[in-house]
1. Being modelled with pLDDT under 95 and surrounded by 13 or more Cβ atoms within 10 Å (Cβ to Cβ) is the requirement here; does E28 meet it?
2. Take D144 and decide whether it is acidic (D, E), modelled with pLDDT of 95 or more, under 14 Å from V64 (Cβ atoms) and assigned to a loop (DSSP other than H, G, I, E, B).
3. Given the structure, is G101 of a type outside the set (D, E, K, R) and at pLDDT below 95?
4. Would region 119-130 turn up any residue that is under 25 Å from G36 (Cβ atoms) and either touching a Pro at 6+ places or on another chain (Cβ under 7 Å) or of a type in the set (S, T, Y) (or both)?
5. Just to be sure before I move on: is R151 among the basic types (K, R), over 20 Å from P22 (Cβ atoms) and without any contact (Cβ under 8 Å) to a residue 12 or more places away in the chain in the structure I sent?
6. Suppose we filter G139, G116, G146 for residues that are among the small types (G, A, S) and under 15 Å from the mean Cα position of the chain (by Cα); which single one remains?
7. Of a type outside the set (D, E, K, R) and at pLDDT 95 or above: which single residue out of P22, P15 fits that description?
Amino acid sequence: MTDNIYDNLTQLGGPGGLPASPDEAKLEAVSNPHPGTNYLVRFTAPEFTSLCPVTSQPDFAYFVIDYAPDALILESKSLKLYLASFRNHAAFHEDCTVAIGMRIKAEIAPKWLRIGGYFYPRGGIPIDVFFQTGSCPDGLWAPDQGVAPYRARG
């Protein structure tokens, strides 16, 4: 038996093959170094892609993932590979955003989680999808996600 908290990580520090699908992707976590402290972790993924389930055309989005850790924190490389696994996955914007939120919630059980999926327009309509678990904990600073509404050429 070892005391190294990183021994359970299978993707960090090695070659990271792209999972074939979100279901095959492995999200990994480590112990929160400050479990009794309310703080916010923010991941931004400005180059998220998935496929339209009807036309198979690519959809592009800017994701902002905010969470207040409890016992675990997400390992960022595993999150990157998980998000990249959507590249060949056919799903509506709403399904992608909510599925990502539900998966993170299931894997690390954060105190609080919110996700903004800011999809670029297809067919002239941008779609923004938001997912949140409960209320923001008291005293936690959760800044605005900082993504301006889509304005086209104006």
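1. When the stated conditions are applied, E28 passes them.
2. Values: acidic (D, E): yes; modelled with pLDDT of 95 or more: yes; under 14 Å from V64 (Cβ atoms): yes; assigned to a loop (DSSP other than H, G, I, E, B): yes.
For D144, the condition - acidic (D, E), modelled with pLDDT of 95 or more, under 14 Å from V64 (Cβ atoms) and assigned to a loop (DSSP other than H, G, I, E, B) - is met.
3. The answer is no for G101.
4. No, region 119-130 has no match at all.
5. Judged against the criteria, R151 is a match.
6. Values: G139 fails: under 15 Å from the mean Cα position of the chain (by Cα); G146 fails: under 15 Å from the mean Cα position of the chain (by Cα).
Of G139, G116, G146, the one residue that is among the small types (G, A, S) and under 15 Å from the mean Cα position of the chain (by Cα) is G116.
7. P22
The values are calculated or read from the model by the stated rules, or taken from the named source; none is laboratory data. Quick caveat: nothing in here was measured; it's all calculated off a predicted structure. Heads up, the Cβs are rebuilt from the backbone with ideal geometry, glycines too, and the neighbour counts pull from every protein chain shown.
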